[in-house]
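Take a look at the structure below.
The values are calculated or read from the model by the stated rules, or taken from the named source; none is laboratory data. Note that the coordinates shown come from a computational prediction; the quantities given were computed from them, not determined experimentally. Glycine gets a Cβ as well: all are built from the backbone with ideal geometry, and neighbour counts include every protein chain shown. The accessibility values were calculated without ligands, DNA or RNA, using every heavy atom of the protein model including side chains. Shrake-Rupley method; radii C 1.70, N 1.55, O 1.52, S 1.80 Å.
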Amino acid sequence: MRNITRTFLVVSLIICGYSNIAACAEPAATPVKSIRVQPGFQVELLRSAGKDESSWISMTFDDKGRLILGLDDKGLARLTLNDNPEKTKFERIENTFRHCRGVLYAHNSLYVSATNSKGFYRLTDTTGDDQFDQVQLLTKLDYNPRYGHGSNQIKLGPDNQIYLVVGNDVAFPEKTSTKSPYRDPRGDHLLPNPHDGKPDARVGYILKTDPEGKTWEVIAGGFRNQVDIAFNPQGEMFTYDADMEWDVGQPWYRPNRVNHVVSAGEYGWRWGTGKWPVYYEDSLPTTLDTGLASPTGMLFGTKSNFPARFKNAMFIADWQNGRILLVDLIPNGASYNAQYEVFVEGGPLNVCDMLFGPDGNLYFITGGRGSQSGLYRIRLDSQQKTNPTPPVIDKQTEQKALAARKLRHELERYHVQKDADINFLWKHLNSEDRWLRFAAWRAIENQDISKWRLLALQEKKPTAAIAGLIALCRQGKETDRDAVLAALNQIGLQNLKQHQLLGLLRAYQLCFIRLGQPDAKQARLITQKLSTIYPHSTSSVNHLLGEILIYLQDETAVVKTAGLLSGNTTQEEQIRAARMLVYAKTGWNKQSQLAFLAWLGRARLFYGGKLVTERIRDIREDFLKTLSKKQQQEFSKEIASLNKPLAEEETVPSRPVVKKWTMDDLVPHLSAVNAGRSYKNGKQALLAATCLKCHRIGTSGAQIGPDLTNIGKRFDARAILESTIAPSKVMDPKYLHTVYVLSSGKVVTGRPVGVSGKAITVETDSIKHTSVVVPREEIEESMLSQTSPMPTNLIDVLTKEEILDLIAYLRAGGNPEDTAFRK
């Protein structure tokens, strides 16, 4: 399931991971009265997971209408539904597969994505006894977890082939065809950030195979941790990709996004600060951004018995915010635009997966990370009318879009085939439709370069020339560099459209990256051409222009780029400009250096996700390296000021221990958190328990852990309480510290924040940012800590009433207007 940053349980939630809901006498999923659905529909809770029935994370209907469940810990289960929930039968049918994020019944077989077993399996019943007695490993998956982004959901495509959704912790399987539409992803960064570590080519991707698992193709890639895919009624594929919420407030942050997945599609996720912006011409843009979320299951209403609007719509689940969104697609050329609204939401309603059943109703399960699971059904309510009005799309627009998609599919044939008519492909490089242009460009790259090299160098139309030259940069050799640069220099700047200018700048970058650095004369010609429009009025152009000019060591680039550090630009633009400036070797003067130091002081107040502070520290470290010892002495006062502690937003005096609280002490009183609580006391309790030193809620707090603002939509009061009392009970691997046992007998525990060939830098205190350097040769053993980084007993300084106010405050997300608070 997606990077579970904000998906954490309460106070500690964040640093320890989802908290396991303590077993109670009769476990129960969120009641229907706590769930809201659009008019015309009703929600039913069909069954809550029992005490020993694990947490449910994936589902599929078999050929008898039964539900097969992928379990969070180990194994598979089967639910035989009955109108009487008490007679719904639960049975375990497999007990070894670990963390089954995807299950699919198709071709008289059960396909299983067993994430932590690092394999993709096919199960069959060869004896007719209703048990899967034959287990076949279709392919191993080289899963080297960084954040738990392994193999995810499985879908049956409209072509009856099997599609496996794979996150960015898994290399391409060995069986993958070298002729796959998507292959050889690279970073392609002109100014690579050394703090991102060694280049890592792993990206999220969509894998396609036949029912027997004989052929394997990577269809598209460049995702982070897309959990699922869905095909619309026209057979077009979509996915819902996860953001990296620690990047919020930084220029490389990419919101949770719906992507239209096409053949050879490149969607630009790369490790660390290297995520591609949507304006890179060699990638494809987002279709819909949904803001902070935790993407899980998705599907179209094609097989539903819902009204027409809902049959054509896409449903996407947001684990973090406890909701299912309804997405309407709007044809736009060879792709789509989209808009969305909430279809159903509740608190908590951590939706993992959903399907339309044989009866045409929508079934969904909640669960994940050991949380309470439930099976729900959404059906039409005969007593109410639905909102049947989709976006208005005129007939002419639909017909043009249909023709454009058909043309795109014709071009996509040549992402694998090598017998294309080059002239047919080439004319579409000049298309104003980015999706057609991309399809043609990818097809050109797959053809013999001798058939189109000269066309790329001689093309006069700017759009086609830029696309052709990008292809030549990617497929050519170093000997092509001079000819490519000459062709790029022939493209004038004066009348270029925005997308053409961005494409031209990206082509220059790719030429330097792939074909080699220009000589002094070429560099001078390029800087003379490009420096005249820098800085530009748009941040996207400034990004690419600034990188090129600094790469070429243009003498004027530093002063111009330093001007972007002012208050007239956004925080994200300033971070981007500062990141570029640390590469500059020439052009600095005392004024620009002092301006940069002043900016570093202001940047300590920047808001955003957990990594904002760390990225600013990286920039500071790199900038100080550009200063000579004499300059460091000259600026010693300014440098010293960067080490002064920032004033705390609010402080409260330390408090004595009231009681060592347990669940038994407090659970009987949790019903009191729903009304009559004190907002003021809840906020003070948050401070007294030192929650805000690590976590943020609303606009208050630190950024060490994920944001707790929406925690009440994911977890109930009991789960929140348990995570504060026993943060180590269930922990997400992403937030676990690593324990290093050294040859000297010393033990170092913390989070690795820097890696080199000889040493690892380990942050041992996330609040004070203290770290130690551990030589690799001294490490005898390393293991994940079995203890949460969050201290226990933080609420022991609070009274019972203060704890209840705190729980109410957290559930309300710090909103004083919540009904839990007395007026």
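Mind checking the dipole of the stretch 68-206: about its Cα centre, +1 per Lys or Arg Cβ, -1 per Asp or Glu Cβ, Debye to the nearest 20?
Numbers: 18 positive and 18 negative charges, 78 e Å.
Here the size comes out at about 380 debye.
Return one whole number: the accessible area per residue of the chain in Å², for a 1.4 Å probe. Walk me through the intermediate numbers first.
Details: 33820 Å² over 823 residues.
Accessible area per residue: 41 Å².
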(message) With every protein chain left in place and a probe of 1.4 Å, what is the accessible surface of ARG183, to the nearest 10 Å²?
(response) 90 Å²
(request) Using just the helices of the chain, give the 222 nm mean residue ellipticity in deg cm²/dmol: DSSP H runs with n ≥ 4 each add -39,500 (n - 2.57), and the total is spread over all residues, rounded to 500. (result) -7000 deg cm²/dmol
(request) Treating cross-link reach as a plain straight distance, find the lysines whose alpha-carbon is under 16 Å from the alpha-carbon of LYS451, omitting any fewer than eight places away in the same chain. (result) LYS418, LYS427, LYS477
(message) Out of the total accessible area of the stretch 186-271 (probe 1.4 Å, heavy atoms of protein only), what percent is carbon and sulfur?
(response) 55 percent
(message) Just want the answer: with Cβ charges of +1 for Lys and Arg and -1 for Asp and Glu, which residue in TYR583, THR570, ILE616 is farthest toward the dipole's positive end in the stretch 513-617?
(response) ILE616
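Could you work out the equivalent-ellipsoid semi-axes for the stretch 407-528, taking the square root of 5 times each eigenvalue of the Cα gyration tensor, largest first, in whole Å? Mind dumping the intermediate values first?
Working: eigenvalues 120, 54, 22 Å².
Computed over the stretch 407-528, the values are 24, 16, 11 Å.
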(request) Work out the charge dipole of the chain with +1 on the Cβ of Lys and Arg and -1 on the Cβ of Asp and Glu about the Cα centre, then indicate which of PHE310, ALA404, LEU207 is farthest towards its positive end. (result) ALA404
(request) Rank-order 166-175, 738-747 by packing density, defined as the average count of other C-beta atoms within 10 Å over each peptide's residues, highest first. (result) 166-175, 738-747
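Going by average Cβ neighbours within 10 Å, how do the peptides 218-228, 494-504, 256-266, 578-588 rank, with the highest at the top? Write out the running numbers ahead of the final one.
Details: 218-228: 26.0, 494-504: 16.3, 256-266: 24.3, 578-588: 19.4.
Packing proxy ranking, top to bottom: 218-228, 256-266, 578-588, 494-504.
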(request) Would you mind pulling out the separation of the Cα centroids of the stretch 355-376 and the stretch 272-326, in Å? (result) 18 Å
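Kirkwood Rh, the stretch 27-91, all Cα pairs: how many Å?
Details: mean 1/r = 0.0758 Å⁻¹.
Evaluated on the stretch 27-91, it is 13.2 Å.
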(request) Show which aspartates and glutamates lie in cross-link reach of LYS585 when reach means a straight Cα distance below 15 angstrom and same-chain residues fewer than eight apart are skipped. (result) GLU547, ASP554, GLU555, ASP622
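Going by average Cβ density within 10 Å per residue, which order do the peptides 370-380, 659-669, 471-481 take, highest to lowest?
Details: 370-380: 21.9, 659-669: 13.4, 471-481: 18.8.
Ranked from most to least packed, the peptides come out as 370-380, 471-481, 659-669.
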(message) Tell me the label only: which of [x] 26; [y] 16; [z] 39 is percent of Cα pairs over 52 Å apart as calculated from this structure?
(response) [y]
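Let's test the formula: R0 of 25 Å, r as the Cβ-Cβ distance of THR80 and GLN42. What FRET efficiency results, to the nearest 0.05?
Numbers: r = 23 Å, r/R0 = 0.93.
In this case the efficiency is close to 0.60.
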(message) Along the charge dipole of the chain, pointing to its positive end and built from +1/-1 on Cβ of Lys, Arg, Asp and Glu, which listed residue (GLN447, ALA230, GLY360) has its Cα farthest out?
(response) GLN447
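Let's see if you can work this out: charge +1 on each Lys and Arg Cβ, -1 on each Asp and Glu Cβ, no other charges. What is the dipole magnitude of the chain about its Cα centre, in debye to the nearest 20? Walk me through the numbers before you get to the answer.
Numbers: 103 positive and 91 negative charges, 330 e Å.
Dipole magnitude for the chain comes out near 1580 debye.
Heavy atoms only, probe 1.4 angstrom, no DNA, RNA or ligands counted: give me GLU573, GLU614 ranked by accessible area, highest first. Spell out each step's value before the answer.
Values: GLU573 60, GLU614 25 Å².
Output order, biggest surface exposure first: GLU573, GLU614.
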(message) Along the Cα→Cβ direction, 7 angstrom out, place labels at HIS499 and VAL416. What is the inter-label distance in nm?
(response) 2.8 nm
